[in-house]
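The values are calculated or read from the model by the stated rules, or taken from the named source; none is laboratory data. Because the structure is a prediction, the values reported are computed rather than measured. Don't worry about glycine lacking a Cβ; one is built from the backbone with ideal geometry, like all the others, and counts go over all protein chains shown.
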Amino acid sequence: MPILTPPPSADALYEVSPLLFWTIIITAARHDRTDLSLLESLLPAVKTLLWSTIARPPHILPSLQAMALLCVWPLPASSWSQDITYILGGVLKLAAQQVGLHRPEVLPHFYRQLHSFNQAEICHAVRVWCCIYISIER
């Protein structure tokens, strides 16, 4: 899933988006054979962080990336009725549209502060939108 660009460091990633940082950790924890309790111990805090991030729009690109990762690799749920993936997918699609990822040609018009996007930033936004679309339509 080519949605992430390598951050300069784990600390820098955490500073930009705690949700993306912990999403990567919890996704990796699924495959940790040395500590099987790690995933279960992180789950409540990551869910709380996810819902508190969703509650504070407009969302930044790293938060949208985290939500897309959680749609592809959903948080464990004990039953289908407790699975939040479909709700998260709907929120993700609307949040991505709110920040203009669906219209890269006019992306600067969606931002509250004046910012001119270079070609690399626009290409990255298009890549993220494609990954978001794939993650919610799968």
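Every residue, every condition in (1) farther than 21 Å from V128 by Cβ; (2) in contact with a helix residue (DSSP H, G or I) (Cβ under 7 Å, 6 or more places away or on another chain); (3) not in a helix (DSSP H, G or I), yes or no:
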residue: I3; (1), (2), (3): no, yes, yes
residue: A12; (1), (2), (3): no, no, no
residue: K47; (1), (2), (3): yes, no, no
residue: S81; (1), (2), (3): yes, no, no
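Residue count for the range 14-45, restricted to those that are assigned to a helix (DSSP H, G or I) and more than 18 Å from M67 (Cα to Cα): 3.
Of everything listed in (1) touching a residue at least 12 places away in the same chain (Cβ under 8 Å); (2) surrounded by fewer than 18 Cβ atoms within 10 Å (Cβ to Cβ), the single unmet condition for I26 is (2).
Among the conditions (1) loosely packed, with under 14 Cβ neighbours inside 10 Å; (2) at pLDDT 95 or above; (3) not charged (D, E, K, R), the only one that W80 does not satisfy is (2). Inclusion of A66 among residues that are surrounded by fewer than 12 Cβ atoms within 10 Å (Cβ to Cβ), out of contact with any Asp or Glu (no Cβ under 7 Å at 6 or more places or on another chain) and among the hydrophobic types (A, V, I, L, M, F, W, C) is not warranted.
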